[in-house]
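K.L.:
Shown below is the structure under consideration.
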Amino acid sequence: MNQAQKQRIQQALDDFRIETPTWGFADTGTRFGKFLQDAAAIDINDKLADAGQVHAFTGFCPSVALHVLWDFSADQPASAIAQLGKKYGVRIGAINPNLFQDQIYKYGSLCNRDDQIRSAAVKHLLESAELAKQTGSPLVAIWLADGSNYPGQANIRWRKRALVETLRPLHEALTADQQILLEYKPFEPAFYHTDLADWGMSYLIAKEVGPRTRVLVDTGHHYLSQNIEQIVAWLLDTEMLGGFHFNDRRYADDDLTFGSIDPYQAFRIFHEIHFFGWETGQTPQIPYMIDQSHIDKPKIEAMIQTAVTAQELYVKAAAVDHEKLSRHQERNEQVDAEECLRAAFFADVRPTIVEWRQQHKLPLDPLPAFRQSGYEARVASERKARRVELGITSSGSYA
Ligand code: PSV
Ligand code: MN
């Protein structure tokens, strides 16, 4: 590895931050039910405390994404939640409205044909914008579950236009330094059509809604074999990449640990970002967020494992020799160009990461250090007792 590559790795380590999601610390499952874990977070206090642990042991997870219905409540002001975050050493990241759980959304939220239901959805978005302001969050990240289940059921064009109209009030409510992120997903929960099914649809709607709207790429929301790094490259080139939800998948939106199935794909995504940065001379400031619901893995360990994997892959991708790659690309030297990527992917960057941890007085190996801390056993016994007090025994619901 040459000096320039080493410098890029150092820089990448200093730059890289990744946000954890509150829902990744709580008991979650599938539509078939969920299995409780003694140490899983029960309330927002637990979730922020657990996120604080991940940041304390890794040093690069300083913010937490919140889901409006799951994390905010009428008896706790949003500012108090931000304060709570501070107490645990984390700040509030993306605010995620919930346009999918209420019974009124059976036939959609922003795309519902019923004016009153659309208005209720818009109201929820405006309340979410207010929560973002009160918690100091720069992002309102929207995942729209709207769609239909049977051919002929919905007027797809009508719904597309409704989407633009209903997102505009939110856009107007945001300040200049806030953004709407529009997430797409090809299917689930709707199985015939989804109103925002792919990146192109999110892109078009984002453009129509206004300049403070960008596209959010959730790595689990693509058909098998889709070239996600190409989507990322196009979004970078058009300045429309708003952020990521990281997870891995084998079949659909599996919510598996990032990099557990296809680490080379994650590397290729990061490579496109670094390559863009090299060409433009600026490191793109991209919100990297984890979106995983760990069904049966210990939650905090899973989050540390994910964050550390993301960091390692990000840093590996920074080691690509861009000058060399660029020369090979111009000359169509395929083997040599590909070798530039492979050399970086297979390079062992872990010793440099350990040095970085040493410099920042962080545990040299976060996962065993967290295990040795005894935190999980402590919270498990306290939360187990609290679950009994609260009468939480089992549940069939997802979140
Ligand atoms: C939907 O599958 C999704 O990816 C959205 O980002 C939601 O906010 C999140 O998962 C909930 O787990
Ligand atoms: Mn997501």
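K.L.:
By how many nm would the segment from E208 to W158 lengthen if fully extended, with 0.36 nm per residue of separation less the alpha-carbon distance?
P.N.:
16.5 nm
K.L.:
Right, something else. Enumerate the amide H contacts of A26 below 5 Å, restricted to partners 5 or more residues apart or on another chain; note that Pro and chain-start residues carry no placed amide H.
P.N.:
A41
K.L.:
Once you keep just the Cα pairs under 8 angstrom separated by 6 or more residues, what percentage relative contact order results for the chain?
P.N.:
Over the chain, the number comes to 22 percent.
K.L.:
Using a Förster radius of 30 Å, what is the FRET efficiency between F346 and A377 based on their Cβ-Cβ separation? Nearest 0.05, please.
P.N.:
In this case the efficiency is close to 0.20.
K.L.:
DSSP loop (so not H, G, I, E, B), at most 15 other Cβ within 10 Å: list which GluC sites (Glu not before Pro) in region 322-399 pass both filters.
P.N.:
E333
K.L.:
Summing +1 for each Lys or Arg and -1 for each Asp or Glu, what net charge is found among the other residues whose Cβ lies under 14 Å from the Cβ of V379?
P.N.:
Charge balance near V379 sits at 0.
K.L.:
Hey, another quick one. Given the chain, what whole percent of its Cα pairs are spread farther than 39 Å?
P.N.:
Result for the distance tail: 18 percent.
K.L.:
Measuring from a point 7 Å past the Cα of Q11 along Cα-to-C-beta, which residues in region 321-346 have an amide N at less than 13 Å?
P.N.:
321-323
K.L.:
Check each of the trypsin sites (Lys or Arg not before Pro) in region 44-125 and keep only those in coil by DSSP with at most 15 other C-beta atoms within 10 angstrom; list them in order.
P.N.:
When the trypsin sites (Lys or Arg not before Pro) of region 44-125 are filtered for loop state and at most 15 Cβ neighbours within 10 Å, R113 remain.
K.L.:
Would you mind getting the accessible area per residue of region 3-388, heavy atoms of the protein chains only, 1.4 Å probe, in Å²?
P.N.:
Per-residue value: 45 Å².
K.L.:
Continuing with the same structure: In deg cm²/dmol, rounded to 500, what helix-only [θ] at 222 nm does the chain give when every DSSP H run of at least 4 residues adds -39500 (n - 2.57) and the total is split over its residues?
P.N.:
Estimated from H runs of four or more residues: -15500 deg cm²/dmol.
K.L.:
Next up: Accessible area of region 3-388 with a 1.4 Å probe: how many percent of it is carbon plus sulfur?
P.N.:
On region 3-388, the fraction of accessible area on carbon and sulfur atoms equals 51 percent.
K.L.:
Given points 7 Å out from each Cα along the Cα-Cβ axis, report the F100 to Q285 separation in nanometres with one decimal.
P.N.:
Label at F100, label at Q285, 2.9 nm between them.
K.L.:
Would you calculate the separation in nanometres between label points at E172 and L364, each defined as 7 Å from the Cα along the Cα-to-beta-carbon direction?
P.N.:
In this crude spin-label approximation the distance works out to 5.9 nm.
K.L.:
So which aspartates and glutamates pass the test for K133, namely a Cα distance under 19 Å, with those fewer than 8 places away in the same chain ruled out?
P.N.:
Filter leaves E19, D71, D75, E172, D177.
K.L.:
Spelling out what I want: for every residue of region 29-36, take phi, set θ = phi - 60°, compute 6.51 cos²θ - 1.76 cosθ + 1.60 (Karplus), and round to whole Hz; glycine and proline get x.
P.N.:
Values, residue by residue: x, 10, 5, 8, x, 9, 9, 7 Hz.
K.L.:
Right, another one. Take the Cα of L36, step 7 Å along the line toward its Cβ, and report every residue of region 284-313 whose backbone nitrogen sits under 12 Å from that point.
P.N.:
none
The values are calculated or read from the model by the stated rules, or taken from the named source; none is laboratory data. All values reported here derive from a predicted model rather than from experimental measurement. Here the Cβ is made from the backbone with ideal geometry for all residues, glycine too, and neighbour counts use every protein chain on show. Keep in mind that these areas ignore ligands, DNA and RNA; they rest on the heavy atoms of the full protein, side chains included. Shrake-Rupley method; radii C 1.70, N 1.55, O 1.52, S 1.80 Å.
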